[in-house]
Amino acid sequence: MYNLFTQNPVFTGISEKGITMKMLPGMSRWIVIGMFMFSSWLIGNVMAQSESSWPYENETKEQRDARMKWWREARFGMFIHWGVYSVPAGTYDGKEIPGIGEWIMNRGKIPVARYKKYASEFNPVNYDPDAWVRLAKEAGMKYIVITSKHHDGFALFDSKVTDWDVVDATPYGKDLLKPLAEACRKHGIKLGFYYSQAQDWCHPGGAASGGHWDPAQDGDMTEYIRKIAVPQVKEILTNYGDLAVLWWDTPTNMTRERADMLQPLITLQPGIITNNRLGGGYRGDTETPEQHIPATGYKDRDWETCMTMNGTWGFKSYDHNWKSTTTLLRNLVDIASKGGNYLLNVGPTSLGEIPQPSIDRLKEVGQWMKVNGESIYDTSATPFAKLAWGRCTKKVEGNSTTLYLHVFEWPEDGELVVPGLNLKKASARAYMLANGKVVKLTSNDDCAVLKVGKKAIDPIDTVVVLKVTGPYDIVKMLPIQSSSGILMLSPELAEIHNPAGAEAQVESKGDKPNIGFWTNSQAWLEWSFKINKPGQYIVETEIAMQNGKSQFELSYGEQKIVVDVASTGSYDTFKPVTLGKIDLTAGDGKLVIKPVRDQWSPINLRAIVLKPAQ
């Protein structure tokens with residue numbers, strides 16, 4: 001150590017070993033002292049940023065695979081958003097508050113004292129955790145994640161650091177998490193807790209998106225983390241037995257220092273899985289796309305899409321915009337085909353009841369899963385780039401591969417074409433998963449063809465199993481015609497050209513995909529394909545349009561057809577439209593649709609189908 005009052009060192013650099021100094025005659029000792037103190041501070045920050053409090057930072061791939069094994073096999077879980085916000089259920093002072101139900105305090109700027117009065121009406125006397133767990137299990141779900149504390153700071157457990165919890169603040173007066181944990185253990189369902197570590201609108205110092213609106217919320221956030229968040233996370237990690245998941249949320253103002261106060265606590269539950277929402281630069285174990293399915297998943301990361309069944313997470317009495325069972329099931333299949341998990345939400349009422357529309361849909365999903373669950377559990381992502389008729393999930397055991405072909409759009413001619421799949425070097429057999437019926441299979445350099453018949457077993461998703469032993473090839477192939485000449489160009493296969501500001505994209509209406517949000521007349525579509533049966537073809541599709549008229553140009557090579565479209569009444573009402581006839585030549589081709597700019601009004605467009613004219 002230098003004696004700064006008798007020598008004149010000068011700072012020249014820092015390293016892992018410390019501060020490098022050298023003598024510089026005539027320099028003020030006070031300047032040197034300041035430089036030394038700054039250098040010490042800089043080292044502390046550099047070292048703090050280079051170190052991690054995540055216990056799994058240095059685990060091997062084998063260790064990580066073992067820890068994530070159950071989660072990757074599960075593929076399907078239940079999210080539960082429940083709390084005091086289920087009392088107002090979307091309405092405050094006689095007004096319907098826009099947005100999701102659990103954010104009503106924030107969106108309505110409800111004062112803390114006023115919001116806390118809702119707790120006197122939170123009395124879930126109909127709460128039956130065993131029934132909730134049985135419902136999840138019947139739906140085919142393998143784990144449950146429940147909001148132990150959401151952004152309003154209200155705890156569903158008996159917290160010893162605050163009286164803003166279900167035991168102290170409500171007439172119910174009992175811990176809600178303990179009986180749920182017992183029911184999960186009884187029925188073999190994994191349990192996880194969601195915890196809002198940063199946003200807390202009722203405790204002083206808690207962060208709030210958009211800032212505080214009540215002086216009662218003001219305070220020091222670091223002290224809030226230390227005095228509320230840290231002890232509560234300890235409580236949920238030690239009082240409820242084995243936990244599988246800790247689901248952080250909204251890392252508002254979460255610095256590395258604050259995150260490091262919470263991150264080490266996960267060692268209280270060895271092997272627990274955490275997500276990427278803690279903050280402080282920590283990525284956790286899983287990515288968490290919310291309310292959408294990424295186009296290609298995450299190639300190098302485990303991921304989980306969380307979604308609502310209607311438009312809200314927490315119960316909202318007037319939200320009746322329920323997704324259909326078809327949409328929910330196809331979401332599950334789509335996510336599994338990209339290597340992800342599906343965390344599907346329910347929002348119970350203040351009486352402790354899961355809304356009946358949620359129950360109905362989960363039971364219908366469960367019926368499908370009883371028949372087809374093996375095509376979801378313990379599967380990996382599809383080997384195919386895109387499939388016009390549906391999705392594919394995969395399992396590999398040694399030199400044997402099982403391809404589960406999920407058929408959403410049943411082929412009219414009964415021939416399921418799998419483009420790019422060459423089975424010449426392998427032995428393969430195919431059958432229907434639902435009934436074991438053998439499916440005739442042929443293969444060439446370009447594709448495999450399965451004679452599946454003209455009627456689907458299940459209109460939502462019929463699964464065809466393709467068992468392959470030995471090496472097989474999958475090459476990137478263009479969509480190809482069936483033996484009858486029919487070619488379907490689905491919205492997912494379109495190359496969507498969006499200039500700056502345009503947002504045309506694939507969406508779903510009426511349980512079928514379509515190109516939507518096509519508001520910019522400069523956006524255009526292009527499909528590439530391969531023709532092996534040249535000739536004249538009829539071009540058909542289905543279109544929905546709100547008002548007025550629209551016009552676009554369809555082209556194939558030098559051939560062009562101008563198509564006039566009339567209103568169908570709404571963007572949800574699709575009507576069949578014959579676009580015209582074109583002459584297709586053998587080989588690779590492209591079909592292009594471009595709006596006529598000064599004649600364009602937005603349309604929604606479903607699949608393009610080419611059928612032989614003769």
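The values are calculated or read from the model by the stated rules, or taken from the named source; none is laboratory data. No experiment lies behind these values; they were computed from the predicted model shown. Please note: Cβ atoms are built from the backbone with ideal geometry, for glycine as well, and neighbour counts cover all protein chains shown. Calculation scope for accessible area: heavy atoms of the full protein, side chains included, ligands and nucleic acids excluded. Shrake-Rupley method; radii C 1.70, N 1.55, O 1.52, S 1.80 Å.
Descriptive notes on the structure:
- Karplus-based coupling profile of region 381-387, in residue order and whole Hz: 5, 4, x, 9, 5, 8, 10, with θ = phi - 60° in 6.51 cos²θ - 1.76 cosθ + 1.60 and x standing for Gly or Pro.
- Binning the alpha carbon pair distances of region 542-597 at 10 angstrom intervals from zero yields the distribution 22, 46, 25, 7, expressed in whole percent.
- Value of [θ]222 nm, deg cm²/dmol, for the chain, DSSP H segments ≥ 4, -39500 (n - 2.57) each, nearest 500: -5500 deg cm²/dmol
- Cross-linked pairs Lys394/Lys581; Lys454/Lys533; Lys142/Lys234; Lys363/Lys455; Lys186/Lys467; Lys394/Lys437: Cα-Cα separations exceed 30 Å for Lys394/Lys581; Lys186/Lys467.
- Listed pairs Lys69/Lys316; Lys386/Lys451; Lys530/Lys575; Lys299/Lys425 exceeding 30 Å between Cα atoms: Lys69/Lys316
- Rounded accessible area per residue of the chain, 1.4 Å, Å²: 44
- For Kirkwood radius over Cα pairs in Å, the value calculated from this model appears in [x] 26.6; [y] 24.1; [z] 27.8 under label [z].
- Convex hull volume per residue, computed on the Cα atoms of region 68-163, equals 149 Å³.
- Cα-derived Rg to Rh of region 136-178, Kirkwood definition: 1.10
- When the solvent-accessible area of the chain is split by element, carbon and sulfur atoms take up 51 percent of it, the probe being 1.4 Å.
- Rounded to the nearest Hz, the phi-derived 3J(HN,Hα) couplings of region 297-311 under the Karplus curve 6.51 cos²θ - 1.76 cosθ + 1.60 (θ = phi - 60°) are x, 10, 5, 10, 9, 5, 8, 8, 7, 9, 9, 8, 8, 10, x, where x marks glycine and proline.
- Taking the Cα centre of region 226-301 as origin and assigning +1 to Lys and Arg Cβ atoms and -1 to Asp and Glu Cβ atoms, the resulting dipole is close to 240 debye.
- Per-peptide average of other Cβ atoms within 10 Å, ordering 536-549, 58-71, 379-392 highest first: 379-392, 536-549, 58-71
- Dipole magnitude (debye, nearest 20) for the chain, charges at Cβ of Lys, Arg, Asp, Glu: 1140
- Plainly put, region 424-486 has a radius of gyration that is 0.97 times its Kirkwood radius, both from alpha-carbon atoms, as the Rg/Rh ratio.
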